[in-house]
Amino acid sequence: MKKIILHVGSGKTGSTSIQKALYECKNENDESLYYPTILNHKGNQIFRFAFCDINDTPSNVKAKYKNDPQGYLAYQNAIKASFKENTHGHDNVIVSSEFLFLSDKSEIESIKSYLVDLGFTEIHVIMYLRDPAKYYLSVAQQALKNHYKLPSPDNFRYDMYDAICNWKLINPQSTILKEFDKRFLHNGDVISDFNQYIQNLGYKFKLKLENAKNESMSVEATVILQDFHRLLELSNLDETEFTNSKLRARRFSNKAAKGTKPVLNVDIADYIYNKKYTEVAKVANEYGIFKELLVVLSKKKKIIARVKLGEVKLFTDIVSEFNLSNYLELLKKL
């Protein structure tokens, strides 16, 4: 009997750390539970691209194949062929890709059919979910690592309920949902929690992450990056200078910069909770996730958004604190 575990995200719930740990511990764990290398990628994120429309891929994939549908089809077939080749002879496999969280019903049915054709008769799914307001804050910080434009609270998507319902189509009894919160994670850590989940399935498995660190940037570091990217867009740097400057910003963003811990301001948080209240309630009542959050939100008779979204342009517009001294000190390190 061939078994496969699908870790489907979501994003902003430690998925990258889980993938790093899976790769770092391949030698120790592959005999028990095999983590495939697909087209020489350390992570499994590209697994989803074998089944989704090109419009659902990241910008770099879109740019490469937007005018080449046959090329994209060949890329999809190459992913499937690589996965098949790398999992051949392994009866216990694990795949981790936060992009799978975005898969719709028909895509998931295609994935299931593909896996069944490869002989997998038992499919397990694990999904971590995050408080929507905290998710938005993390998405905003990630966006500002790459450019200066802040995603609007009105436009961000985090369709938890649909993702749960879609993935439960695989096997309702083998779909595990976990809340990404230290209080509800084994040992307060997602790596430890994920390791415990795998062990509970009966696998001899040990997961660790060397040089583990908190990758969340401070408020001041995030503001510096937004300012830096805005100046880059206004500059007339040649391609080499521009690329080098982007790499410099990336190196800065990867540091666990000291400063003020980002906390979403009350107005933005209330706006998001108002927008996502019904979904949080459905997830809590039907699946037992976010029960405490629902209690807190239910105590508010009505959440009134006092923020004008048209004015939300800077990172300081959405966080509760900013320290100018920290900003000036960190600026020296850019």
Go through region 13-39 and give me each residue that's on the phi > 0 side of the Ramachandran plot and crowded, with 21+ Cβ neighbours inside 10 Å.
14
Just checking, which of 176, 170 is open to solvent by 60 Å² or more (accessible area, probe 1.4 Å), touching a strand residue (DSSP E or B) at 6+ places or on another chain (Cβ under 6 Å) and touching a residue at least 40 places away in the same chain (Cβ under 8 Å)?
176
Residues that are buried (at least 19 other Cβ atoms within 10 Å of the Cβ), in contact with a strand residue (DSSP E or B) (Cβ under 9 Å, 6 or more places away or on another chain) and not hydroxyl-bearing (Ser, Thr, Tyr), drawn from region 80-113
83, 92, 93, 94, 95, 98, 100, 101, 111
Region 231-253 - residue that is within 21 Å of the chain's Cα centre (by Cα) and either charged (D, E, K, R) or exposed (fewer than 12 other Cβ atoms within 10 Å of the Cβ) (or both) and, of those, farthest from residue 141 (Cα to Cα)
251
For region 40-78, the count of residues that are farther than 20 Å from residue 18 by Cβ and either among the small types (Gly, Ala, Ser) or surrounded by 12 or more Cβ atoms within 10 Å (Cβ to Cβ) (or both) equals 21
Residues that are under 26 Å from residue 22 (Cα atoms) and without any contact (Cβ under 8 Å) to a residue 40 or more places away in the chain: does region 241-248 have at least one?
no
In this structure, does residue 221 turn out to be open to solvent by less than 40 Å² (accessible area, probe 1.4 Å) and assigned to a helix (DSSP H, G or I)?
yes
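For a quick check of your reading: which helices (runs of 4 or more DSSP H) sit entirely within region 254-334 and have at least 2 residues that are under 24 Å from the mean Cα position of the chain (by Cα)?
Helices (runs of 4 or more DSSP H) meeting the threshold: 266-287, 291-298.
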When you scan region 142-155, do you find a residue that is surrounded by fewer than 19 Cβ atoms within 10 Å (Cβ to Cβ), of a type in the set (Asp, Glu) and either out of contact with any strand residue (DSSP E or B) (no Cβ under 8 Å at 6 or more places or on another chain) or more than 29 Å from residue 283 (Cα to Cα) (or both), even just one?
yes
How do the pairs read when you match residues in region 313-334 that are farther than 14 Å from residue 261 by Cβ and hydrophobic (A, V, I, L, M, F, W, C) with residues anywhere that are open to solvent by 50 Å² or more (accessible area, probe 1.4 Å) and not in a loop (DSSP other than H, G, I, E, B), using Cβ under 8 Å and keeping only pairs 6 or more apart or on different chains?
334/248
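Within 20 Å of residue 190 (Cα to Cα) and crowded, with 16+ Cβ neighbours inside 10 Å - does that describe any residue in region 114-124?
Let us first name the residues in region 114-124 that are within 20 Å of residue 190 (Cα to Cα), namely 124.
Remaining after also requiring crowded, with 16+ Cβ neighbours inside 10 Å: 124.
Among the residues of region 114-124, at least one is within 20 Å of residue 190 (Cα to Cα) and crowded, with 16+ Cβ neighbours inside 10 Å, which makes the answer yes.
Yes or no: residue 101 more than 23 Å from residue 283 (Cα to Cα) and in contact (Cβ under 8 Å) with a residue 24 or more places away in the chain? Explain how you work it out, then say what you get.
Details: more than 23 Å from residue 283 (Cα to Cα): no; in contact (Cβ under 8 Å) with a residue 24 or more places away in the chain: yes.
Spelling it out, it is not the case that residue 101 is more than 23 Å from residue 283 (Cα to Cα) and in contact (Cβ under 8 Å) with a residue 24 or more places away in the chain.
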With a cut-off of at least 2 residues that are in contact with an Asp or Glu (Cβ under 8 Å, 6 or more places away or on another chain), name the helices (runs of 4 or more DSSP H) lying wholly within region 13-72.
15-24
Pairs, first closer than 16 Å to residue 153 by Cα in region 265-289, second open to solvent by 80 Å² or more (accessible area, probe 1.4 Å), C-beta under 6 Å, six or more apart
267/306
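The values are calculated or read from the model by the stated rules, or taken from the named source; none is laboratory data. Being a predicted model, the structure only gives us computed values, none of them experimental. Don't worry about glycine lacking a Cβ; one is built from the backbone with ideal geometry, like all the others, and counts go over all protein chains shown. Side chains are part of the model used for accessible areas, which takes the heavy atoms of the whole protein and leaves out ligands, DNA and RNA. Shrake-Rupley method; radii C 1.70, N 1.55, O 1.52, S 1.80 Å.
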